[in-house]
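Report on the following structure.
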Amino acid sequence: MVHHVNSPALKALWDLGNEQFGSNPFPQGYRQVKDILGHVHLKDAKTQADGKTTCVPIDSGSVPYADQFKALLSDGYDGLYTIETHYIPEGGTPMQGTAMTLKGLRNLLKRENLE
């Protein structure tokens, strides 16, 4: 739709974590949206042994965030990032899950020298 409208006022939201639920987000999915991005959502996911995909803290799942962040920087993306708060640890609270997700993101950024 964004390509069809072809207006600088309309941008796409890229949610790499959503792409983990059945497709290949990076680099294939990213190539589809990299020139029309206005917002990026952050959450991680992991496929369990039973085949079910669940949310986990960033940097503990299968979303290739290190490569994605490097590509976003290389491509000049300067839009917004939002942490999604879907992860809730078993027996825990949404606040605890969000704190774990933020900690994972910070660890990843530090490890990859992307701070």
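Against the numbered list (1) among the β-branched types (Val, Ile, Thr); (2) part of a helix (DSSP H, G or I); (3) in contact with a Pro (Cβ under 8 Å, 6 or more places away or on another chain), VAL63 comes up short only at (2).
Picking from residues in region 79-89 that are in contact with a strand residue (DSSP E or B) (Cβ under 7 Å, 6 or more places away or on another chain) and part of a loop (DSSP other than H, G, I, E, B), the one that is modelled with the lowest pLDDT is HIS86.
Confirm whether ALA71 is free of Cβ contacts under 8 Å to residues at least 40 places away in the same chain, surrounded by 12 or more Cβ atoms within 10 Å (Cβ to Cβ) and either in contact with a helix residue (DSSP H, G or I) (Cβ under 7 Å, 6 or more places away or on another chain) or in a helix (DSSP H, G or I) (or both).
Values: free of Cβ contacts under 8 Å to residues at least 40 places away in the same chain: no; surrounded by 12 or more Cβ atoms within 10 Å (Cβ to Cβ): yes; either in contact with a helix residue (DSSP H, G or I) (Cβ under 7 Å, 6 or more places away or on another chain) or in a helix (DSSP H, G or I) (or both): yes.
Spelling it out, it is not the case that ALA71 is free of Cβ contacts under 8 Å to residues at least 40 places away in the same chain, surrounded by 12 or more Cβ atoms within 10 Å (Cβ to Cβ) and either in contact with a helix residue (DSSP H, G or I) (Cβ under 7 Å, 6 or more places away or on another chain) or in a helix (DSSP H, G or I) (or both).
Taken together, the criteria exclude THR47 from residues that are under 16 Å from LEU109 (Cα atoms) and among the hydroxyl-bearing types (Ser, Thr, Tyr). Set side by side, the residues GLY51, GLY92, GLY76 differ, and just one is closer than 30 Å to HIS3 by Cα, assigned to a loop (DSSP other than H, G, I, E, B), free of Cβ contacts under 8 Å to residues at least 12 places away in the same chain and of a type outside the set (A, V, I, L, M, F, W, C), which is GLY76.
What about ILE58, is it surrounded by fewer than 16 Cβ atoms within 10 Å (Cβ to Cβ), assigned to a loop (DSSP other than H, G, I, E, B), in contact with a Gly (Cβ under 9 Å, 6 or more places away or on another chain) and modelled with pLDDT of 90 or more? Working first, answer last.
Working: surrounded by fewer than 16 Cβ atoms within 10 Å (Cβ to Cβ): no; assigned to a loop (DSSP other than H, G, I, E, B): yes; in contact with a Gly (Cβ under 9 Å, 6 or more places away or on another chain): yes; modelled with pLDDT of 90 or more: yes.
So ILE58 fails the test.
Residues in region 17-44 that are at pLDDT 90 or above and within 10 Å of the chain's Cα centre (by Cα): VAL40, HIS41, LEU42, LYS43, ASP44.
List pairs: first residue in region 97-115 and over 16 Å from ASP67 (Cβ atoms), second residue hydroxyl-bearing (Ser, Thr, Tyr) and part of a helix (DSSP H, G or I) anywhere in the structure, Cβ distance under 6 angstrom, at least six positions apart or on different chains. Short answer, once both residue conditions are applied: none.
The values are calculated or read from the model by the stated rules, or taken from the named source; none is laboratory data. Everything numeric here is computed off the predicted structure, so don't read it as measured data. FYI the Cβ positions are ideal-geometry reconstructions off the backbone, even for glycines, and counts take in every protein chain you see.
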